[in-house]
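These notes concern the structure reproduced below.
The numbers here are math on the coordinates, done by the rules we state, and not lab data. Keep in mind that this is a model prediction, so the values were computed, not measured. Because the Cβ atoms are built from the backbone with ideal geometry, glycine has one as well, and the counts that use them run over all protein chains shown.
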């Protein structure tokens, strides 16, 4: 196989990516190309103007010792007119080339982000956060980086054609001598693209790795500082940063050498043209004005060759960026939706699982799980760590779909519901509470147009109204990034109010009150049982007081439903349940003793 085939493939695929972008933004891209073509045409025209000025004004003035004001005015007007048209072309090319590039980057960042929102949790769990950030940011940027110089490169190809024709018409001998630069630039482009592809791919992967380490360090800042691991985390990030630095330096070395080569070759061609041209002047074949025109035309060629070479140099970067972005856009893990709608149903919802099985690919997390939560009832799910409780929650709110069986809401399979229908009736408060860097109101409403009365009502049900009223600005108090200005229990109650303000027919709590004081938790659960709320509750619980408030308890063990019944029934007849409840009670008591000792 010829050695240059990888380069040809990269260049072909790179131009395919740019062609796709030009089609998407064809209006502004066309304006940019027209501006570039105007600039190129006027640049060539300036060679003729300068040649004519030298031949008709400068040289006669040198020979005769004088010239006329009219001749100088005509020469100045010609030069100024060409310069004005060149400036117009530059303005249109730069403005609209930038618009093309930034519109495409914004468009594809939105596409990647929307795809992230469509893809299920299972897909996200298989992709590091740093890689996802890199896909939406640096990969999209790399993909469309060559779009800014592309209109210039397209426009100057017209300039090359005009310049080449002008050179051949002016002096074919000098034109042939100078045209040797074209194959040299082409050969350099093939060699460079072959060397760049692997380097750029490695650099882009390292961007994602470095972002991932940084994200983990920021996300776990409390753990890092509490355990005194600052130095180790700094070293871990430093290693990734140094690897990325070395990779980018490698890319820069190859690209810098190529750019120097592209700029040097046309200048060497001009030197050869001047040398040959001086001999042709001595022989009487051409005059000085012709040589000036030819030399200027070849100096003009240096710029379009540089522009084309720059675009060719960025093609490997665009191809790598497109490959990484395409993997996200073509991911087929999104959850399909049906067309069923529940309409304006107001009564508490009924949820049921029928012979549900789910696996993350290693083994079954849930096996043959069957139970229902009747309308208006509160059901607690209990089990040891790893029993499958959080996976069960993900299935109920359809963050993932079961491998077998079905989950139904009011007898309708969740997979048959129309897009957005499930979120109208179901709200979830996850195990890990997340608050945005916004006000209390913003975190409760999430941008929905809700009156303050409803916000305060939801805060009251979540037992959060008292501490919110005590905050400096009440609902308008910023909570900081991830709610850092609030305690863990306060964050959980804000998250609960966020779910309640939407008046869900089914509320799913995944250990959502574990940081709340037991007395406050009991008040919250009693409020949720209020018939006027019109809400069915499915709660993953650990505390005995919480479980005792449920109408029914479902015991999960190793992904299967081991037993069902009231708390009193299961305590009396299921030893495994007794051990779990007692273990959690002992752990809670130990935690309280430790807290008391710290306070003392």
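Once R0 is set to 41 Å, what does the formula 1/(1 + (r/R0)^6) return for the Cβ-Cβ distance between residue 282 and residue 91, expressed as a FRET efficiency to the nearest 0.05? Walk me through the intermediate numbers first.
Details: r = 44 Å, r/R0 = 1.06.
Computed FRET efficiency for residue 282 and residue 91: 0.40.
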Point to revise | Estimated FRET transfer efficiency when R0 is 25 angstrom, pair residue 248-residue 116 (beta carbons, to 0.05) | key: 0.45
Review point. Antiparallel DSSP bridges in the chain: what percent, to the nearest 5?
Key: 50 percent
Study note, to complete from the structure: Ranked from fewest to most other Cβ atoms within 10 Å of their own Cβ, 39, 116 fall in the order 116, 39
Check your understanding: Just from its helices, what would the mean residue ellipticity at 222 nm be for the chain, if runs of 4 or more DSSP H residues each count -39500 (n - 2.57) and the sum is divided by every residue, rounded to the nearest 500 deg cm²/dmol?
Key -> -21500 deg cm²/dmol
Review point. Convex hull over the alpha-carbon atoms of region 338-463: what's its volume per residue in Å³?
Key: 154 Å³
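So how do 389, 240 line up by other beta-carbon neighbours within 10 Å, fewest first? Walk me through the numbers on the way to the answer.
Details: 389 23, 240 19.
Least crowded to most crowded, the residues run 240, 389.
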Check your understanding: With each label point set 7 Å from Cα along the Cα-Cβ vector, what nm distance links residue 129 and residue 432?
Key -> 0.7 nm
Practice item. Mind giving me the nanometre distance, one decimal, between the label points for residue 79 and residue 415, set 7 Å out from Cα along Cα→Cβ? Key: 7.7 nm
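Tell me, what is the FRET efficiency for residue 61 and residue 268 to the nearest 0.05, using R0 = 30 angstrom and their Cβ-Cβ distance as r? Don't skip to the answer; put the middle values down first.
On the way: r = 33 Å, r/R0 = 1.10.
It comes out at approximately 0.35.
Taking the Cβ of each residue in 569, 233, 347 as the centre, tally the other Cβ atoms inside 10 Å and list the residues starting with the fewest. Display every interim value, and only then the final one.
Values: 569 14, 233 19, 347 11.
Fewest-to-most ranking of 569, 233, 347: 347, 569, 233.
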Review point. Rg and Dmax of the chain over Cα atoms: what are they, in angstrom?
Key: 35.5, 123
Practice item. Mind computing the radius of gyration and Dmax over the alpha-carbon atoms of region 58-113? Å is fine for both. Key: 22.8, 73
Check your understanding: How large is log10 I(q)/I(0) at q = 0.14, 0.24, 0.26 Å⁻¹ when the Debye formula is applied to the Cα atoms of region 82-123, each weighted equally and without solvent?
Key -> -0.51, -0.78, -0.82
